[in-house]
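Reading through the structure tokens given below for one structure.
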């Protein structure tokens, strides 16, 4: 380690202890990052319990979302009936022919029926 790095580290420790920050001093000694819960004075057991709680919440939410997705894709779609739309006269008013033919651009059924007629 260079002399400059040592002096910077010593200066940072001096500033941290001068400000009365026991947390910064402890984290520099332990070499690990501390979060806001550790700054509030919670013990490691409290933190471990909170982590376990949020893991259970996340697992429950994941299972719930997956079940809801399966229900939406397979269960709810069985209840709907897809009826053909009524053929109203005013829906397909054609005053002049399209450049690509008499059918609309995405009317594949119309294009298939024209090919069969030819």
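Quick notes on this structure:
- Where a residue in segment 39-58 is surrounded by 10 or more Cβ atoms within 10 Å (Cβ to Cβ) and its partner, wherever it lies, is at pLDDT below 80 and part of a loop (DSSP other than H, G, I, E, B), with Cβ under 9 Å and at least six apart: 47/35; 50/42
- Single residue of 24, 87 found to be surrounded by 11 or more Cβ atoms within 10 Å (Cβ to Cβ) and modelled with pLDDT under 90: 24
The values are calculated or read from the model by the stated rules, or taken from the named source; none is laboratory data. Remember, predicted model here, so these are calculated numbers, not experimental data. Cβ sites come from the backbone with ideal geometry, for glycine too, and all protein chains shown count toward neighbours.
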